[in-house]
Amino acid sequence: MQKKIIIAIAAVSRIVGLEPVVQVLYRKNAVAVVAKPPSVPVHASPYVGGTIKKIEEKPLLQRARDALGSRINLVHRLDRGASGCVLCVCIDRCREPQTLTSELHEALRVGRKRYVALVRGTGVFKGQSLGANHTWFDVERPIKDSRGKINDARTSFRFLGYANHLNSDRCSLVLAEPQRSGRWHQIKRHLNGLSHPIIGDSSHGNSQTNRFWREHRGLPAERILLHFTRIQIPPTSACPEGIDVSCPLPSDFSEILASDTLTEITTSPIARQLFQEETSLYLPLSKALQVY
């Protein structure tokens, strides 16, 4: 088996308005992985304003360019409110950046992409526990893209634990892995189909829940509690050893998990072992979540 590169760094700052930079998680030749901060658009658009006037509105494309010292192509995108790994190609460091971008896009499609999300609900759907035996399960449901085309989509989920408060405070911590695809809003739609929408999701989530978390739990504006935490892709011409990069949770996500308002966790050895195994030490051990 070829040796892969694994990089883990300190927690990403939640203050995106003071230092318009990104942390570089991985860089080799013309390939890089950066950590997208929450509430930052990936590029300027009519939705966030074509002219970037405020420092906190500086998009990821420009931040990554400044950090890497090169014009870049984004191999994929994340929603403005999400955070985590973004794979890039440094245009000024290769002869055929479009070819390399396409190659990495295909490698990412067949590779492994792991997300962590905080969702509404306690892991029960139609009377069945989604976290039973702590096992992975698949959701297969076609998804219509932005052009109206219907595509097959499959996502693997693992419910790690939950906090069973009343009303809008009930939540579960979930791992998600899209399988050989990255359809438009795939994870968000599949979780919403399980009646466990991601907290902060304004497109497919619950507006009452989102309002509660913003007003009473300090969830920042534009934030959705979805984080691209690990990217693994097979060998390519630019990275013969493959890529395996982890991105720690930003501090805003970590602080919510560690909040004293979520106090129903069991600290049994089984619970701690489960969290530590699943998160490879880059997800904090929460004291607020019960295991199933």
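The values are calculated or read from the model by the stated rules, or taken from the named source; none is laboratory data. Note that the structure is a prediction, hence the values are computed from the model and not measured. Accessible surface is based on the protein model in full, side chains and every heavy atom, while ligands, DNA and RNA are left aside. Shrake-Rupley method; radii C 1.70, N 1.55, O 1.52, S 1.80 Å.
General observations
Residues checked against (1) at pLDDT below 50; (2) closer than 24 Å to GLU103 by Cα; (3) open to solvent by 40 Å² or more (accessible area, probe 1.4 Å); (4) not in a strand (DSSP E or B):
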site	(1), (2), (3), (4)
VAL12	yes, no, no, yes
LEU18	yes, no, yes, yes
VAL21	no, no, yes, yes
TYR26	no, yes, no, no
ALA32	no, yes, no, no
ALA35	no, yes, no, no
TYR47	no, no, yes, yes
ARG65	no, yes, yes, yes
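- Filter pass, ARG170 being modelled with pLDDT of 75 or more and charged (D, E, K, R): yes
- In summary, GLU103 fulfils each of the numbered conditions (1) at pLDDT 85 or above; (2) open to solvent by less than 20 Å² (accessible area, probe 1.4 Å); (3) in a helix (DSSP H, G or I) with the single exception of condition (2).
- With a requirement of 1 or more residues that are of a type in the set (Asp, Glu) and modelled with pLDDT of 85 or more, the helices (runs of 4 or more DSSP H) lying completely within segment 191-292 that satisfy it span 207-216, 251-257.
- Screening segment 106-128 for residues that are more than 24 Å from PRO248 (Cα to Cα) and open to solvent by 60 Å² or more (accessible area, probe 1.4 Å) and picking the one that is modelled with the lowest pLDDT gives GLY127.
- Applying the set (1) under 29 Å from ILE256 (Cα atoms); (2) open to solvent by less than 20 Å² (accessible area, probe 1.4 Å); (3) part of a loop (DSSP other than H, G, I, E, B); (4) modelled with pLDDT of 90 or more to ARG80 leaves exactly one unmet item: (2).
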